[in-house]
Amino acid sequence: MRTERVDVPDRVLGRRGLGGAAKGTARAVAEALFTTRDGPPPADRLDWLVDDLDDFVAQSGPRAGRVFGLCLFAISFLGPLLAFRLVPFRWLSLSTRTRALERMERSPFALALFGAKALLCIVYYEHPDAAATIGFDGTCLTGEHSHPAGNSNGHGNGPASTTGTTTGGPSAPRASSALSPPPASRGAFSEGQ
């Protein structure tokens, strides 16, 4: 399924998004990051992610684009070193990229990985198929979702606290820490794998 981009009337035209190498690195990081026990995400979803990410970075402004670009550069430079390889990050095998990201996450350079992961997750989970894997069905955006009795914040529009149930219900998966990957990709970064 390919999801089309929504054109916004006040869109800033003419801004540069990601360059070719940055797109390749972003795709390689995303493939490793969002791989589950069932395998990597479909190629068309990764294509969609890179296209939407490119547009997102172009619309975010030059400062945000430079910071994201620096995060990708750090990953592309340090990732192979942490994997004991001397080739570009995107040329590494999926399993080697995954191990390199795990090592980077535990290194002093984790902040660069965290910056890239944050933006990749925001864009990746905008895709309806990816959102569905974590239990998001969109009903909270349409007003169709109702909260159980006694679980209102006093305004009738949300849970009483952030520690209550999630949109997916009490059994919805949750990340364990700020640096942990999103629930759908836990298979790639879980302990003991």
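The values are calculated or read from the model by the stated rules, or taken from the named source; none is laboratory data. For clarity, every value in this text was computed on a predicted model and none was experimentally measured. Cβ sites come from the backbone with ideal geometry, for glycine too, and all protein chains shown count toward neighbours.
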Open item on the list: Just checking, does the range 101-109 include any residue being at pLDDT below 90, surrounded by 13 or more Cβ atoms within 10 Å (Cβ to Cβ) and either out of contact with any Pro (no Cβ under 6 Å at 6 or more places or on another chain) or charged (D, E, K, R) (or both)?
Closed with: no
- [ ] Just give me the residues in the range 19-42 being in a loop (DSSP other than H, G, I, E, B), of a type outside the set (Ser, Thr, Tyr) and surrounded by fewer than 23 Cβ atoms within 10 Å (Cβ to Cβ), in sequence order.
- [x] Gly19, Arg37, Asp38, Pro40, Pro42
- [ ] Would you confirm whether any residue within the range 90-97 is part of a helix (DSSP H, G or I), among the polar types (S, T, N, Q) and in contact (Cβ under 8 Å) with a residue 24 or more places away in the chain?
- [x] no
TODO: Kindly provide the set of residues from the range 50-66 that are in contact (Cβ under 8 Å) with a residue 40 or more places away in the chain, hydrophobic (A, V, I, L, M, F, W, C) and surrounded by fewer than 17 Cβ atoms within 10 Å (Cβ to Cβ), ordered by number.
DONE: none
- [ ] State the number of residues belonging to the range 26-62 that are within 13 Å of Leu119 (Cβ to Cβ) and of a type in the set (Val, Ile, Thr).
- [x] 3
Open item on the list: Looking only at the range 56-74, count every residue that is of a type in the set (D, E, K, R) and modelled with pLDDT of 90 or more and tell me the total.
Closed with: 1
- [ ] Give the residues of the range 1-36 that are modelled with pLDDT of 90 or more, of a type outside the set (A, V, I, L, M) and more than 12 Å from the chain's Cα centre (by Cα), sorted by residue number.
- [x] Lys23, Gly24, Thr25
- [ ] Just give me the residues in the range 99-116 being more than 13 Å from Pro80 (Cβ to Cβ) and in contact (Cβ under 8 Å) with a residue 40 or more places away in the chain, in sequence order.
- [x] Glu102, Glu105, Ala110, Ala112, Leu113, Phe114, Gly115, Ala116
